[in-house]
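Peer 1: Dropping the structure in here first, questions after.
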Protein chains: 2
Amino acid sequence: MDNLQLAPIIIGKLLNIGGMLQRHSNRTLLPFGLNHQQFSIFFEIGKAGKVKQKDMVNRLLLEKAHVSKVVKKLHGMELITITASDEDKRSAWLAPTPKGKQILNKLRGVFKKWHKEWIEDVDDKQLNSILENLSHLQAVFEDKLLGNE
Amino acid sequence: MDNLQLAPIIIGKLLNIGGMLQRHSNRTLLPFGLNHQQFSIFFEIGKAGKVKQKDMVNRLLLEKAHVSKVVKKLHGMELITITASDEDKRSAWLAPTPKGKQILNKLRGVFKKWHKEWIEDVDDKQLNSILENLSHLQAVFEDKLLGNE
DNA sequence: CTATATAAGTATCCATGGAAACCATTTTTT
DNA sequence: AAAAAATGGTTTCCATGGATACTTATATAG
């Protein structure tokens, strides 16, 4: 088969899988009042311990307007604290509250459980090959897509 | 490294790549007044030539309410025709208009061009390995995720 | 052959997230 | 040091898409 014919198939599959995963995490997160983007922001804050909004924008490649809204929501849910920064009065530090940390732990458990489930059906060698492939693709797309923005 | 640790990394990459691709196609389709989901529905109609809404729902795994709205939009843009069906008066046949076919062709060209671009950076062997891996993952997730819906 | 269940689409509600304009502060230029 | 540019966040606007209820037509039961 011509290689160029593989391209749309691969893209199609990536979009399809991405969609399935998105819908799945949204459903999983529903009881916690979050969706998968909100969680990814929350998760980053938890991982870093102390960050600013622009860090989220850079790391997750999201719109700053969007991050701003999500931060407000997370704060409203008492999952994070927002403390003014002295160096730069335009921005503030974000950090998880104790309650936030608790919920993060719980969610980590939930996701770990389902990771265990699906990973059973993929053998070890393949797993590494998948990771390698995806890393390469990610780099290629980042290069091609973020270059012309 | 423990295999279970690979799982969240792989999921993360899939979500990340999926997101990038989505945003990219949305931007590409913007001048045509479509987004990537709308295009996928339009594309399916074009491919099939003559279909009903429920076919889209089944093939693309989208909400029927959503498909209904998109169909209305495509019709409003004069990209498809909607003709009443005799066998079943609840549903109607969808088919691309001449104008619709023209636009589909143009879009096929646009996508083909960018497929050519990124595929250059992936060698042939890897391409096949990627396809294989993604097909397997797709099957696994479909099984695990659609089973409990 | 009615009565009930199911199926195909539609209408409505509402949180989401991209885009653009905007504000306040900080940095760079001249 | 004043003017211009850049940066970090916020607000507002609006199309999107998931969820639910509803309408009409078809299929299945009793």
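Peer 1: Hey, does the range B:96-103 have a residue that's within 12 Å of DNA strand C (Cβ to nearest atom) and of a type in the set (Val, Ile, Thr)? So that I can check it myself, show each step before the final result.
Peer 2: Step one: of the range B:96-103, the residues within 12 Å of DNA strand C (Cβ to nearest atom) are none.
Checked against the condition, which is being within 12 Å of DNA strand C (Cβ to nearest atom) and of a type in the set (Val, Ile, Thr), the range B:96-103 yields no hits at all.
Peer 1: Residues of the range B:16-43 being within 13 Å of DNA strand C (Cβ to nearest atom) and either part of a loop (DSSP other than H, G, I, E, B) or away from every other protein chain (no Cβ under 11 Å) (or both), which ones? Let's see the steps before the verdict.
Peer 2: If we filter the range B:16-43 for residues that are within 13 Å of DNA strand C (Cβ to nearest atom), which is where we start, we get B:16, B:18-31, B:35-37, B:41.
Residues satisfying the conditions are B:26, B:29, B:30, B:31, B:35, B:41.
Peer 1: Mind telling me which of the residues B:73, B:101 ends up being more than 16 Å from the chain's Cα centre (by Cα), away from DNA strand D (no atom under 11 Å from the Cβ), in contact (Cβ under 8 Å) with a residue 24 or more places away in the chain and closer than 27 Å to residue B:24 by Cβ? It would help to see each step written out before you state the result.
Peer 2: Working: B:73 fails: away from DNA strand D (no atom under 11 Å from the Cβ).
Step by step, each of B:73, B:101 is checked, and only B:101 is more than 16 Å from the chain's Cα centre (by Cα), away from DNA strand D (no atom under 11 Å from the Cβ), in contact (Cβ under 8 Å) with a residue 24 or more places away in the chain and closer than 27 Å to residue B:24 by Cβ.
Peer 1: Which of the residues belonging to the range A:49-70 are more than 9 Å from DNA strand D (Cβ to nearest atom) and within 14 Å of chain B (Cβ to nearest Cβ)?
Peer 2: Those that are more than 9 Å from DNA strand D (Cβ to nearest atom) and within 14 Å of chain B (Cβ to nearest Cβ): A:59, A:60, A:61, A:62.
Peer 1: Keeping to the range B:28-44, report how many residues are open to solvent by less than 40 Å² (accessible area, probe 1.4 Å) and at pLDDT 90 or above. Walk me through it before giving the result.
Peer 2: The initial filter retains those residues of the range B:28-44 that are open to solvent by less than 40 Å² (accessible area, probe 1.4 Å), namely B:28-29, B:33-34, B:36, B:38-42, B:44.
Now narrow it down to the ones that are at pLDDT 90 or above: B:29, B:33-34, B:36, B:38-42, B:44.
Number of matching residues: 10.
Peer 1: Further question: On the basis of being of a type outside the set (Ser, Thr, Tyr) and either part of a helix (DSSP H, G or I) or closer than 13 Å to residue A:32 by Cα (or both), does residue A:89 make the cut?
Peer 2: Numbers: of a type outside the set (Ser, Thr, Tyr): yes; either part of a helix (DSSP H, G or I) or closer than 13 Å to residue A:32 by Cα (or both): no.
No; evaluated as a whole, the condition is false for this residue.
Peer 1: Then there's this: Only one of A:13, A:47 is in a helix (DSSP H, G or I), open to solvent by 30 Å² or more (accessible area, probe 1.4 Å), without any contact (Cβ under 8 Å) to a residue 12 or more places away in the chain and farther than 28 Å from residue B:116 by Cβ. Can you tell me which? Give the derivation first.
Peer 2: Values: A:13 fails: farther than 28 Å from residue B:116 by Cβ.
On inspection, the qualifying residue turns out to be A:47.
Peer 1: Determine which member of the set B:126, B:102 is farther than 23 Å from residue B:20 by Cβ, surrounded by 12 or more Cβ atoms within 10 Å (Cβ to Cβ) and either within 7 Å of another protein chain (Cβ to nearest Cβ) or not basic (Lys, Arg) (or both). Give the steps one after another, and end with the answer.
Peer 2: Numbers: B:126 fails: farther than 23 Å from residue B:20 by Cβ.
It is B:102.
Peer 1: While we're looking at this one, here's another question. How many residues does the range B:16-27 contain that are open to solvent by 30 Å² or more (accessible area, probe 1.4 Å) and under 30 Å from residue B:77 (Cβ atoms)?
Peer 2: Result for the range B:16-27: 4.
Peer 1: Could you pull out the residue among A:144, A:112 that is surrounded by fewer than 16 Cβ atoms within 10 Å (Cβ to Cβ) and of a type in the set (D, E, K, R)? Even if it seems obvious, please write down each step before you answer.
Peer 2: Values: A:144 fails: surrounded by fewer than 16 Cβ atoms within 10 Å (Cβ to Cβ).
Testing whether each residue is surrounded by fewer than 16 Cβ atoms within 10 Å (Cβ to Cβ) and of a type in the set (D, E, K, R) leaves just A:112.
The values are calculated or read from the model by the stated rules, or taken from the named source; none is laboratory data. If you're wondering where the values come from, they're calculated on a predicted model, not measured in any experiment. Cβ: placed from backbone, ideal geometry, glycine included. Neighbour counts: every protein chain shown. Just so you know, the surface numbers come from the protein's heavy atoms only, side chains and all, with ligands and any DNA or RNA stripped out. Shrake-Rupley method; radii C 1.70, N 1.55, O 1.52, S 1.80 Å.
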